[in-house]
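Inspection log for the structure reproduced underneath, given as structure tokens.
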Amino acid sequence: MNLDMWDLTDYVKKHIKDKNELAKFFYYWIGSNIQYDNELYDKILAGTITNEELSEKQDEYDVYENKKGVCAGYANLFKWFMNEIDIEAVVISGHIRDLRNQYLELESDDNFRHAWNAIMINDKWILVDTTWGTSKDQETSDYYFDIKPEFSIITHYPEDSKWQLLEKPLTLEEFNNSQFIKPIWFKIGFTEVPKLMTDKDFYYFTFQELPNNKWSVGLKMSTDNLNFEPINDIEVIDQDGRTYFRFGKAQVPKTAYFKVNVVKFENDGDQYLKTEYKDVINFKI
């Protein structure tokens with residue numbers, strides 16, 4: 001349908017009345033209709049575009065007309081839609097981390113600046129990232145609408161700490177020392193971040209047990225964040241609804257990096273099918 005922004009909004013408002021469903025519609029609409037502007041992003045990285053030109057290209061009207069943008073454009077357009085349907089919205093500026101850059105340095109990580117949104121639904125702020133919601137991966141495409149604050153802070157570090165929406169906001173040091181976790185961990189069914197516990201002689205990497213869980217969890221370690229190998233002599237303990245990977249402190253250097261993979265095997269007639277996700281969790285001690 002070749003509609004302008006106002007006609008599209010009016011059309012949707014006639015067919016959807018619930019505020020949460022309205023917001024979710026525009027989240028999916030943007031994910032389905034706006035393409036990430038990789039050419040513009042390359043110019044940003046190369047420093048060949050002025051701030052004024054960038055601002056013009058990320059104006060919500062320009063993004064809607066050209067059907068492409070970078071994160072600021074996505075966030076501006078989503079905010080515009082929310083304003084048109086009487087939902088309070090803000091654009092949040094900050095940084096993100098991913099597998100390319102797991103430990104954030106604000107002064108030097110301009111390439112990892114990002115913009116996303118918070119919207120007010122039922123007298124409560126919720127977090128939305130329409131840029132990351134464009135993922136064509138069905139496992140994660142709906143993950144970035146109404147992200148739980150304790151999950152959002154895994155990857156998104158806002159300039160204004162109030163937009164962490166946490167009772168006790170994380171400092172940058174705490175953010176960098178926390179675990180980087182891909183959405184697939186939660187899509188599998190886990191509802192909490194794993195914990196690393198310790199006593200005099202051992203580390204315990206622990207996570208909740210899932211009923212009827214077909215996924216196996218594997219833990220690897222590295223001294224240089226490059227070459228990862230399975231940890232020797234891990235003891236697996238199942239207790240009180242949790243799994244504990246216990247391993248001796250003596251084999252862990254002062255600084256160590258860890259990765260978690262998940263894998264499942266399924267019998268499909270005459271053959272076994274393997275599904276594996278690598279680097280699902282990354283952290284260091």
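Using a Förster distance of 22 Å, how high is the FRET efficiency between Ala46 and Asp98, based on the Cβ-Cβ distance and rounded to 0.05?
Calculated transfer efficiency: 0.60.
Could you order the peptides 92-98, 2-8, 254-260, 45-51 from most to least packed, using the average number of other C-beta atoms within 10 Å per residue?
Packing order, densest peptide first, comes out as 92-98, 254-260, 2-8, 45-51.
Exactly which GluC sites (Glu not before Pro) in the stretch 1-99 are in a DSSP loop and have at most 13 other Cβ atoms within 10 Å? It would help to have the intermediate numbers written out before the result.
Numbers: sites: Glu21, Glu39, Glu52, Glu53, Glu56, Glu60, Glu65, Glu84, Glu88; in loops: Glu88.
In loop regions of the stretch 1-99 (DSSP not H, G, I, E or B), the sparsely surrounded GluC sites (Glu not before Pro) are Glu88.
I want to verify a result. In a Gaussian network model of the chain, Cα cutoff 10 Å, which of these has the top mean-square fluctuation: Gly241, Gly73, Gly269?
Highest fluctuation of the listed residues: Gly269.
Quick one: net charge around Leu273, please, counting Lys, Arg +1 and Asp, Glu -1 for every other residue with C-beta under 10 Å from its C-beta.
Result for the neighbourhood of Leu273: 0.
Quick check on the chain: helices-only [θ] at 222 nm, where DSSP H runs of length 4 and up contribute -39,500 (n - 2.57) each and the sum goes over total residues. Nearest 500, please.
Computed ellipticity for the chain at 222 nm equals -7500 deg cm²/dmol.
Please give, to one decimal in nm, the separation of the simple spin-label points placed at Asn267 and Gln251, each 7 Å out from Cα toward the Cβ.
It works out to 3.2 nm between the two label points.
For a quick check, take a GNM of the chain with Cα springs below 10 Å and name the residue from Asp110, Asp59, Asp18 with the largest mean-square fluctuation.
Answer for the Gaussian network model of the chain: Asp18.
For the residue pair Gln239 and Asn66, what label-to-label distance in nm results when each label sits 7 Å from Cα along the Cα-to-beta-carbon direction?
Using points 7 Å along Cα→Cβ, the separation is 5.9 nm.
In nm, to one decimal, how far is the Ser55 label point from the Lys278 one, both placed 7 Å along Cα→Cβ?
In this crude label model, Ser55 to Lys278 measures out at 4.4 nm.
May I ask you to derive the relative contact order of the chain, considering only C-alpha pairs under 8 Å and at least 6 residues apart, and to give it as an integer percent? Write out the running numbers ahead of the final one.
Working: 447 pairs, mean separation 33.6, N = 285.
Computed value for the chain: 12 percent relative contact order.
Filter the trypsin sites (Lys or Arg not before Pro) in the stretch 1-65 to those in DSSP coil with at most 10 other Cβ atoms within 10 Å of their Cβ, and list the result.
Lys17
Just how far, in whole angstrom, is the stretch 1-49 from the stretch 67-123 if you go by their alpha carbon centroids?
Computed from Cα coordinates, the inter-centre distance equals 13 Å.
State, as an integer percentage, the relative contact order of the stretch 139-223 based on alpha-carbon contacts under 8 Å between residues 6 or more apart. Mind showing how you got there, number by number?
On the way: 51 pairs, mean separation 18.1, N = 85.
That works out to 21 percent.
What percent do you get for the relative contact order of the stretch 187-284 when only Cα pairs under 8 Å and 6+ apart count?
25 percent.
On a full-extension model of 0.36 nm per residue, what is the gain between Leu172 and His15, subtracting their alpha-carbon distance, rounded to one decimal in nm?
The span from Leu172 to His15 would gain 52.2 nm if fully extended.
Given (1) 18.3, 54; (2) 21.5, 67; (3) 18.4, 63 as candidate values of Rg and Dmax of the Cα atoms in Å, which corresponds to the one derived from the coordinates?
(2)
What number comes out for the charge environment of Lys259, summing +1 per Lys or Arg and -1 per Asp or Glu over other residues with Cβ under 13 Å away?
0
What aspartates and glutamates could a cross-link reach from Lys43, if we take a straight Cα to Cα line under 13 Å and drop same-chain neighbours fewer than 8 places away?
Filter leaves Glu53.
When the chain is treated as a GNM, springs tying every alpha-carbon pair under 10 Å, which of Asn212, Asn101, Asn176 comes out with the largest mean-square fluctuation?
Of the options given, Asn212 has the highest mean-square fluctuation.
So which of Lys148/Lys187; Lys195/Lys274; Lys182/Lys284; Lys168/Lys195; Lys254/Lys278; Lys13/Lys187 end up more than 20 Å apart, counting from Cα to Cα? Don't skip to the end; give the middle numbers.
Values: Lys148/Lys187 13 Å; Lys195/Lys274 27 Å; Lys182/Lys284 16 Å; Lys168/Lys195 18 Å; Lys254/Lys278 25 Å; Lys13/Lys187 31 Å.
Lys195/Lys274; Lys254/Lys278; Lys13/Lys187, as the Cα separations exceed 20 Å there.
Bear in mind that the values in this text are calculations on the coordinates, not laboratory data. Since the structure is predicted, the reported quantities are computational estimates derived from the model, not experimental observations. Note that each Cβ is placed from the backbone with ideal geometry, even for glycine, and that neighbours are counted across all protein chains shown.
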